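For reference, the structure discussed in these notes is given below.
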Amino acid sequence: MLKAEQNERLTRVGPGTAMGDFMRRFWVPFLAGTELEPDGAPQRVSLLGERLLAFRDTDGRVGLIDEFCPHRRASLFFGRNEECGIRCVYHGWKFDVEGRCLEVPSEPADSNLARKVRLTAYPVHEAGGLLWAWMGPAAERPAPPAFDWLGLPPEQCYFSQFVLNANWLQGMEGEFDSAHVSFLHRRLDMEVAKTSIVGEYFRNDTAPTWKIDPAPHGLVCAASRRTAENELYWRVTHFALPFYSMVAPEIGGCNSWRCWVPLDDENSWVVTVTYAPHRDITQAERDAWAAGHFAHPIVEPGSKRLAARAENDYLIDRAVQKTHSFTGIQGTRAQDAAMTESMGPITDRSREHLATSDQAIIAIRRLLLDSLACHGAGEAVPAMRSGDVYAVRSGSALLPDGVAYDQDKTLMREMGLAGAAEAAE
Amino acid sequence: MLKAEQNERLTRVGPGTAMGDFMRRFWVPFLAGTELEPDGAPQRVSLLGERLLAFRDTDGRVGLIDEFCPHRRASLFFGRNEECGIRCVYHGWKFDVEGRCLEVPSEPADSNLARKVRLTAYPVHEAGGLLWAWMGPAAERPAPPAFDWLGLPPEQCYFSQFVLNANWLQGMEGEFDSAHVSFLHRRLDMEVAKTSIVGEYFRNDTAPTWKIDPAPHGLVCAASRRTAENELYWRVTHFALPFYSMVAPEIGGCNSWRCWVPLDDENSWVVTVTYAPHRDITQAERDAWAAGHFAHPIVEPGSKRLAARAENDYLIDRAVQKTHSFTGIQGTRAQDAAMTESMGPITDRSREHLATSDQAIIAIRRLLLDSLACHGAGEAVPAMRSGDVYAVRSGSALLPDGVAYDQDKTLMREMGLAGAAEAAE
Amino acid sequence: MLKAEQNERLTRVGPGTAMGDFMRRFWVPFLAGTELEPDGAPQRVSLLGERLLAFRDTDGRVGLIDEFCPHRRASLFFGRNEECGIRCVYHGWKFDVEGRCLEVPSEPADSNLARKVRLTAYPVHEAGGLLWAWMGPAAERPAPPAFDWLGLPPEQCYFSQFVLNANWLQGMEGEFDSAHVSFLHRRLDMEVAKTSIVGEYFRNDTAPTWKIDPAPHGLVCAASRRTAENELYWRVTHFALPFYSMVAPEIGGCNSWRCWVPLDDENSWVVTVTYAPHRDITQAERDAWAAGHFAHPIVEPGSKRLAARAENDYLIDRAVQKTHSFTGIQGTRAQDAAMTESMGPITDRSREHLATSDQAIIAIRRLLLDSLACHGAGEAVPAMRSGDVYAVRSGSALLPDGVAYDQDKTLMREMGLAGAAEAAE
């Protein structure tokens, strides 16, 4: 439970807000690189409440600029993307990816106006198939985050995206809510459910125990469940500042990475990257994920909207809910969205009743509030300074009773936390 | 004409408003009983501005609870209705029809959280095919209203419902506006119009005279029209606190009962029950009413929306308006809705020009304002205390000139007002 | 660039605003005469932010009245237009085109209510196929504006209309922005472009030079472009108070007249009249204009909405934009609307960067602000007093270098400005 003003502080991201100012000290992903072609159609981008335009110029460089021409404020979306710049179709004024005005052909030849006009433009970094923007002060720009999958070849990665119609924090909190997996995503038809040993772990212990540890990138949130054989099934999920989640894989399964980027206060861009650090992804896996498995979304063709969404009650099928799945809603992403979107665009956290299972959510809120306070006092948090702190990976393991996740060196090494563990010894 | 603040006082019904608080001292119908099946899909209910959820449990009991789970505020609409309770699909928390938390399976076995969490739940009474909620203080709960049709078998009743996109009072005032029947609902094609002697009464005298009398249930509003033979055609319509109308029948025709329940400030749930106190309803009557006659609505299949509605200009046909009906709009309910909805969601009563024909409307507003003042001063109005005051029925009769409706004992007996009439002698 | 309060002052037109009060001192066109038939369906009209109803009575007179019946405020849109008045279908009250209440049949025969009730009604003038309203004080009503095309027979005029979803000023400013023609409306496929010598002028000099002169009707805005032969191509466009534009024709081509009438603050009614002062319009011309040429709009059949509009990104075709036209949007009106609507409903003029090409826009804003100040001080501007000042016509000519438009007597005579020019000599 939060006070109303704390809730506002955590959820509002526009220019001038506390969280908005904080997030502008991190690189912010905003589009897949394939969504922009050289000299191709520009794309409107809403980002942290700002209306922007992205385009890729003749040389392949990406611009992320104010959507509106500074002259008379017509939308540059209708502009011509040509010869290393975008040209407003109203009067032919032309701007490059850095927001410089290159030409003002509607003015006399001796005009010096081009030198005086400048468009807001955010530096863009392209990596891992994503475009990342730096929206903060130039002097504070750090190295981009060094997520481990960024170094993998395409054969080892799978990408999907959708827009969640809810505040970013609301969506992201679902990732650190291990208990809900035992319910929301449960299968009732036992033939299906029994094929997954993990499904059995989730059913066997529906009240996981948390161990939550601070880390340079944010928090390590480890949930353990007791198995029928009295072992502990550990799932270790990372929260990385300011809006990343790396949810624990199935044991031996693929890893996943997700960002919850605020388009504005009430809509979020959610990218999932599933990756296999040590092998290629199979075609069978790609087919399954394209069909909405492993927490990839099913979207309306040609859009970023979920096919199952609020206006159609997530296509809930009450008969299916009776016999086949806990919700009657198809797809993990749609199930999660039904919960987080149904809370309203920004849930009223002053009316919650948090419980033991919510310890990771509570820890994340506290970290965020502390980080805002720290940043407001003029101090940087470690994740602002170094992209290297992001080189971690989530993990899972079956360990003997009494052994915590961070006592297992194999797991810690796999997660990229071995150094920290060894340093702590 | 009302002052702006009086208009606000009469029309706003949310928690904490004067009218909202007053209405919460009466049983409030909110759904047809058939809309909920044991262990079936729950239904979202908006009622007096509150977002609620209705469900019928395994044993047939109906719950009317807060729509949102108290844990993390996901909508319980997606919940599982099973084994005498509704279970949130997010973390499996389960609640019964009284709002008690039965299980919190995401918490450790020794958790006492279930005993501490409680959901808003309103007591529900089922009668006459309708579900009625008590939203006021438990100690003040009276017996449910004893409308006379509640005791009739289904063969003698016919039921319909729709949602009016306007404030409850606006819709209801149309019922106490006898004069409009002579115009809004008039037929122009004389072959049709002449088949009803009543239609002739309406055309013959378009300026009815009112006699309005107080009664324990609210008001008796009697309009008389002079016939060509110089008799008086009396139509006696009841207003029952807080939002009921019982419109006068045709002479010898079926009675009707209607409620104008505020879903919120700008939308109302309108139920019409047509009943024959002394005989079964014929199939021909049922067929006619299903086709929109006798003030029953024609709705979009599977919805509670009028087929003829604002967005399609009530399907007005100007050619039909020239020759067949006064409005060119089909159906009495749609004709009324065209008038009351076109005023805007909450009409500005400070800009009206009321006339002689509006005496009943004026009397109802005065009664409501007086009742709010009375309730605000801590006193109950009679209708709050006893369900028996509602055992009245509307009526109509042709009486000699000079004889008022309440001097005719047959009519008074038929309307259940004989006792009052005799006591007054 | 304007201050925020100046922008508000120029753009808000509701009752009681500075611009709204000013505009109400001019005749305001609101509908084509053909949209109303005697005793036909009335039409809802939004005008300067007021909700009105227009109808043509049995005798052909047009009423423009308050949309809502003064009795209970039902919409008169559903009314019966019959026997020289509109009759509310709720209670049969009847009003004539002057707002007089003719009958209140729901009241007793001796009622004097009809004499006491009065509806807002604005005097209407019909001319040139348009209906014009006087919404100001009766005592201040001037003669209607004497635009020169008003005297022409239908064979010499062509009419079109559409609704722009933006503030009136935003739309109108595009007319006084000569430079944009060289870009926004440019053709890239040279076979097409070369067929018009004028197109060559626009391409040859993309930075026109302004000469702007005050006039009783408003402003004469003349833009000159240098041709390849070093002559000056003059285009003389008129701004007439408060919302008229007369854009320069092609040399020897048809003239055009346009009004930008505020329906409300965020929507405008745009009428284009193209006329040939000295000959009949050909069928080929009519066919071309109906297909969207010469700045006539292509609208959705049966509506006043543009077919290419914001919700479909003006049907922009990026392939066409690469090779055939500067925008990839079809139709001059849609191209203009894409620019002016994409600025938002009311553009933020405090964030513009105006340039040399914007001198006419700057002059118009200054004239409007000065006129508001003048009117606010109780003084009339000349155009308020006399309809004759409007008898001007736009023009264009190819003149030798060094000769200004107003030094050419032929051109000045053609434009109806010869008197002024001679007086100035």
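Laboratory data are not the source of any read-out in this text; all were calculated from the coordinates shown. Small disclaimer: the values here were computed from a predicted structure and weren't measured. Here the Cβ positions follow ideal geometry from the backbone for every residue, glycine too, while neighbour counts run over all protein chains shown.
Pairs spanning more than 21 Å between alpha-carbon atoms, out of C:LYS3/C:LYS211; C:LYS211/C:LYS409; A:LYS304/C:LYS322; B:LYS94/B:LYS116; B:LYS322/C:LYS116: C:LYS3/C:LYS211; A:LYS304/C:LYS322; B:LYS322/C:LYS116.
For the peptides A:245-257, C:67-79, C:345-357, C:314-326, residues were scored by their other Cβ atoms within 10 Å and the scores averaged per peptide; the highest-first order is C:67-79, A:245-257, C:345-357, C:314-326. In this assembly of identical copies, the label point of C:ARG100 (Cα plus 7 Å along Cα-to-Cβ) is separated from its counterparts by 7.5, 7.5 nm, sorted shortest first. Loop-located trypsin sites (Lys or Arg not before Pro) in segment B:110-200 (DSSP state other than H, G, I, E, B) with a sparse environment of at most 12 neighbouring Cβ atoms within 10 Å: B:LYS194.
How would segment A:27-140 be classified by its alpha-carbon gyration tensor: rounded, prolate or oblate, with rounded meaning a/c under 1.5 and the a/b versus b/c comparison settling the rest? Don't skip to the answer; put the middle values down first.
Numbers: a/c = 1.91, a/b = 1.58, b/c = 1.21.
It comes out prolate by the Cα gyration axes.
Helix B:332-342 and the long axis of chain B differ in direction by around 70°, with both axes built from C-alpha atoms. Summing +1 for each Lys or Arg and -1 for each Asp or Glu among the other residues whose beta-carbon sits under 14 angstrom from that of C:PRO42 gives 0. Using the Stokes-Einstein relation with a Kirkwood hydrodynamic radius computed over Cα pairs, the translational diffusion coefficient of chain B at 4 °C and a viscosity of 1.567 mPa s comes to 56 µm²/s.
May I ask you to list the trypsin sites (Lys or Arg not before Pro) in segment C:255-286 that are in a DSSP loop and have at most 13 other Cβ atoms within 10 Å of their Cβ? Numbers along the way, then the final one.
Details: sites: C:ARG258, C:ARG279, C:ARG286; in loops: C:ARG279.
In loop regions of segment C:255-286 (DSSP not H, G, I, E or B), the sparsely surrounded trypsin sites (Lys or Arg not before Pro) are C:ARG279.
Annotation: cysteines of chain C without a disulfide-compatible partner (Cβ-Cβ under 4.7 angstrom) are C:CYS84, C:CYS101, C:CYS157, C:CYS221, C:CYS254, C:CYS259, C:CYS374. Each part gets one Cα centre, and for segment B:52-130 versus segment A:70-96 those centres are 57 Å apart. Shielding value for A:330-339 is 2, the average number of Cβ atoms from other chains within 10 Å of each residue's Cβ.
In this assembly of identical copies, the label point of B:GLY344 (Cα plus 7 Å along Cα-to-Cβ) is separated from its counterparts by 2.6, 2.6 nm, sorted shortest first. Panel order for A:THR410, C:THR274, by other beta carbons found within 10 Å of each beta carbon, from fewest to most: A:THR410, C:THR274.
Which net charge results when you count Lys and Arg as +1 and Asp and Glu as -1 among the other residues whose beta-carbon is under 11 Å from that of C:GLU414?
Values: positive: C:ARG393, C:LYS409, C:ARG413; negative: C:ASP148, C:ASP408.
Its environment carries a net charge of +1.
Among the residues of A:102-109, the average count of other protein chain beta-carbon atoms within 10 Å of the residue beta-carbon is 5. The rotation axis taking chain A to chain B passes closest to this chain A residue's Cβ, listed with the gap in Å: A:GLU311, 10. When each of the peptides A:267-273, A:377-383 is scored by how many other beta carbons lie within 10 Å of its residues on average, the order from highest to lowest is A:267-273, A:377-383. Only DSSP H runs of four or more residues enter the estimate; each adds -39500 (n - 2.57), and after division by the residues of chain A the mean residue ellipticity at 222 nm equals -6000 deg cm²/dmol.
Assuming a ≥ b ≥ c are the square roots of the Cα gyration tensor eigenvalues, decide whether the protein assembly as shown counts as rounded (a/c under 1.5), prolate (otherwise, with a/b larger than b/c) or oblate. Numbers along the way, then the final one.
Details: a/c = 2.38, a/b = 1.00, b/c = 2.37.
Here the protein assembly as shown falls in the oblate category.
Distances from C:ALA228 to itself in the other copies, using label points 7 Å out along the Cα-Cβ axis, amount to 8.9, 8.9 nm in increasing order.
Note on C:65-73: average number of Cβ atoms from other chains within 10 Å of each residue's Cβ is 6.
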